[in-house]
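K.L.:
My structure is below; once you've seen it, I'll send some questions.
Rule-based calculations on the coordinates, nothing more; no lab input. Quick caveat: nothing in here was measured; it's all calculated off a predicted structure. Note that each Cβ is placed from the backbone with ideal geometry, even for glycine, and that neighbours are counted across all protein chains shown.
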Amino acid sequence: MVDQKKIGQGSAGRLNDFRRRITQRITYLLQSLTVRVAIVGVTFVAYAIVYLLTDHYLEPVTGILAVVPVATAGWLLGQWAGLLCALVFLPINAILLMVLDQPVNTLLQTREIVVIAALLLIGFVIGKLREWVDHLRLDLKSRLRGEFEFWGSRERYQALDTASTGIAVTDNIERLLFCNLTLADMLGYVPDEFEEKFLDQFLEPSEISKLRENTNLMKKGIHTKYEVSMRRKDGAHRTMLFSSVPRFTADGSYDGALSIIIDITDRKQAEDALRESEEKFRTLAEQSPNMIFINKMGKVVYANPLCEDIMGYSREEFYSPDFDFMNLIAPESKELIRMNFKQHLEGKDVPPYEYILITKEGERIAAIVATKLIHYEEEHAFIGIITDVTDRVRADEALRTSEERYRAIFEQAADSIFLVDVDSGELVEYNDQTFENLGYTREEFKALTISDFEIIETSDEIEKHINHVLKEGRDQFLTKHRTKDGRIRDIQVSSKSISIHGKDYIQTIARDITDRVEAVEALRESEEKYRQLVENANDIIYGTDIDGHFTFVNPVAVKVMGYSENELIGTHFIDLIHPNWQQDTDRFYRSQFSEKILTTYCEFPAIAKEGAEIWIGQNVQLVMEGEQILGFQAVARDITKRKQAEQELRKNEAKLQSIIKVAPV
């Protein structure tokens, strides 16, 4: 069952919070000079409207209403503002009388002068009353500061005011009642500047919700401790640690809080700097390509992941109190390690040196270590960076192997491979195929430049290709080269920018594609002849895929069947056959497919687009690649006239036979 009491308490809490926020908002607005002047202006406008709509000679209603702007100015802006507003009534009334076409000289009558004098007195008195109220409030605060309930004796208050930590007292709507000199100095203010200010005016907007949460906790009697970011008067941000104790009235209502405030900005910055430094070290160490360790008093207190990977020990094993660091060192290197550690302890720098490590599996690793003496957890320790030179040796060996492979490819390749100096454009290195493919000896080729055997590309165009390779990294194009005996060869050029010992070169592979170009040209000519044959033939020529769908048709097929080429492509050939013949024809060609009969001949009636029956006689050949059938190719002819003649001949023969049977012998 729902606890009605808790619901009531929750509703009351939300109502109190709503009232507190409304009170804060009104106080903020009234603290703004612009808002106060605007309020006074509104009262004058209201007075003018009522004056125009009612009495025009300062009758009692408008006369009493005139008190409102003056009293408002005096209360919100002070006694002198009240006097000024009373004096302003004379010209305002004059303007209003002119608007109403009334005589202005009526303002000089005794009654009007008495009203103005009364307004002057009211403005001054109201302003003075506001001043007395402010003094009374300040005096009350001064007396509150001396009360033992909040701060104890006067001596104790003075101690609080000059305490090394900031102290603030707020009321139940978070308005500052007191702040000591230390807090004011922390935020760059003097204490009087905190008067009538709310605590959240000094907080970053994102921190206000944190203040609200802790205020709600204090309303429940809970002491709070939290960090917030506050703004100094100069706009700087400071991190403050609040330790707040709630205050309650005699009837148990929340009455505000007493807060001890410590500026922890420097501490936070130091903590952040330390955390950032530790994070940078850990990130560097965790991602380092070298083994990194920290050795304190002969014990490993840190080892990065690479230590685990290479040495074969887990971190738990490294950090174990029983783990002996010297077990990682080969016997012949242990004395060297001890000597260098001793030199570190004597304050001497030790240059990187080589030694032998022993992995958990007993593998020996040649390594170079750089060590430095550091303070770790208030004790001397060594940080070491180990480079596994075994891998470097392997890398050097791999590099030599790679260079040998490159040299083998360079020398034995069938293509011409050469290096071009980008500064001079000269060939600085080339394989034997470079000059042999052109019919020269090495000595003859040394005296040549690219322009001596290049036909298509001019010197300027060659330079453009070089610049393109330098900009884009690579280039590929077709050209022609002239051999020593004058033959023209088609060449495919692939160039790439490379750097050797800091100098830029262009590595070029020139492939002779003359035979391929001639083969392509021969194929193109063959295909052109075939296309001419197909398109100009008197017979129907078409092809289908393996399933029997048309893949191409010649113009005769289009003309005979009455369909367009687009209509026929993709259509199954069975769909064009007379329905009575479809089953037999399909069975015939399935047999050709399954038995792989290379060529067949078949006759059947087809139906043209307009519905006409056309007899087709066709030779169908399998299109094969090795043992795989790719499709069908057919040459067909319209044999309708022949079929009609055969049918007519059969009719005539039948008639002749009938005559013979009935003729007398």
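K.L.:
Lysines within cross-link reach of Lys233: Cα-Cα under 26 Å, excluding same-chain residues under 8 positions apart?
P.N.:
By straight Cα distance, Lys233 reaches Lys141, Lys197, Lys210, Lys225, Lys268.
K.L.:
Once amide H atoms are built 1.01 Å from N in the peptide plane, which residues 5 or more positions from Tyr376, or in another chain, come under 5 Å H to H?
P.N.:
Ala381
K.L.:
Can you find, among Phe550, Ile639, Phe588, the residue sitting farthest towards the positive end of the charge dipole of the stretch 537-646, where Lys and Arg contribute +1 and Asp and Glu -1 at Cβ?
P.N.:
Farthest along the dipole direction, towards plus: Ile639.
K.L.:
Let me ask something additional. Taking neighbour counts of Cβ atoms within 10 Å as a proxy for exposure, in what order, fewest first, do Ile116, Ile368 appear? Don't jump to the answer; show the numbers that get you there.
P.N.:
Working: Ile116 18, Ile368 15.
By the 10 Å Cβ count, ascending: Ile368, Ile116.
K.L.:
Next question. Sorting Asp234, Asp586, Asp266 on the 10 Å Cβ count, fewest up front, what's the list?
P.N.:
Sorted ascending by nearby Cβ count, the order is Asp234, Asp266, Asp586.
K.L.:
Tell me which residues come under 5 Å, amide H to amide H, from Thr224 once H is placed; ignore anything under 5 positions away on its chain.
P.N.:
The list, which skips near neighbours in sequence, is Ser244.
K.L.:
Pop out the ³J(HN,Hα) list for the stretch 504-511 in order, Karplus 6.51 cos²θ - 1.76 cosθ + 1.60 with θ = phi - 60°, rounded to Hz; leave Gly and Pro as x.
P.N.:
Working through the residues one at a time gives 8, 9, 10, 8, 10, 10, 10, 10 Hz.
K.L.:
Where a Cα-Cα gap under 29 Å defines reach, which lysines qualify for Lys334, not counting those fewer than 8 residues away within the same chain?
P.N.:
By straight Cα distance, Lys334 reaches Lys296, Lys299, Lys342, Lys348, Lys360, Lys372.
K.L.:
Counting alpha carbon pairs within less than 8 Å and at least 6 residues apart, what relative contact order, in whole percent, applies to the stretch 537-646?
P.N.:
Numbers: 192 pairs, mean separation 30.6, N = 110.
RCO, the stretch 537-646: 28 percent.
K.L.:
Between rounded, prolate and oblate, where does the stretch 147-263 land on the alpha carbon gyration tensor, with a ≥ b ≥ c its root eigenvalues, rounded for a/c under 1.5, else prolate if a/b exceeds b/c? Can you show the working numbers first?
P.N.:
Values: a/c = 1.77, a/b = 1.11, b/c = 1.60.
Judged from the Cα gyration tensor, the stretch 147-263 comes out oblate (a/c at least 1.5, b/c at or above a/b).
K.L.:
Same structure again: Once the dipole of the stretch 311-356 is set up with Lys and Arg at +1 and Asp and Glu at -1 on Cβ about the Cα centre, which of Tyr319, Val350, Ala330 lies farthest towards its positive end?
P.N.:
Checking the options against the dipole of the stretch 311-356, the answer is Val350.
K.L.:
Quick one: dipole size for the stretch 147-263, taken about the Cα centre, charges +1 on Lys/Arg Cβ and -1 on Asp/Glu Cβ, in debye to the nearest 20.
P.N.:
Roughly 360 debye for the stretch 147-263.
K.L.:
Next question, about the same structure. Around Met561, with a cut-off of 14 angstrom between Cβ atoms, what is the net charge of the other residues, counting Lys and Arg +1 and Asp and Glu -1?
P.N.:
Working: positive: Lys559, Lys609, Arg637; negative: Asp539, Glu565, Glu567, Asp575, Glu610, Glu613, Asp638.
Its environment carries a net charge of -4.
K.L.:
Report the charge-dipole magnitude of the stretch 413-517 in Debye, nearest 20, computed about the Cα centre from +1 at each Lys and Arg Cβ and -1 at each Asp and Glu Cβ.
P.N.:
So the dipole magnitude of the stretch 413-517 works out to roughly 260 debye.
K.L.:
Averaging sequence separations of C-alpha pairs under 8 Å and six or more residues apart, then dividing by the length of the stretch 161-238, give the relative contact order as a whole percent. All intermediate terms of the calculation are to be shown ahead of the outcome.
P.N.:
Details: 98 pairs, mean separation 18.5, N = 78.
Reported as a whole number, the value is 24 percent.
K.L.:
Follow-up. When you count, for each residue, the other Cβ atoms within 10 Å and take the mean per peptide, how do 458-469, 593-604 rank with the highest first?
P.N.:
Values: 458-469: 14.7, 593-604: 12.3.
So the peptides 458-469, 593-604, ranked by packing, come out 458-469, 593-604.
K.L.:
Another question, if that's okay. Using a Cα-Cα cut-off of under 12 Å, which aspartates and glutamates could be cross-linked to Lys503, ignoring same-chain neighbours fewer than 8 residues away?
P.N.:
Here the aspartates and glutamates satisfying the reach criterion relative to Lys503 are Asp421, Asp423.
K.L.:
Counting other beta carbons within 10 Å of each Cβ, put Ser499, Ser416 in order, fewest first.
P.N.:
On the way: Ser499 8, Ser416 22.
By the 10 Å Cβ count, ascending, the order reads Ser499, Ser416.
K.L.:
Under 1.5 on a/c is rounded, so check that first for the stretch 537-646, then, if it is not, pick prolate when a/b is larger than b/c and oblate when it is not; a ≥ b ≥ c are the square roots of the alpha carbon gyration tensor eigenvalues. Could the numbers behind the result be given before it?
P.N.:
Numbers: a/c = 1.70, a/b = 1.37, b/c = 1.24.
Prolate is the answer for the stretch 537-646, as a/c is 1.5 or above and a/b outweighs b/c.
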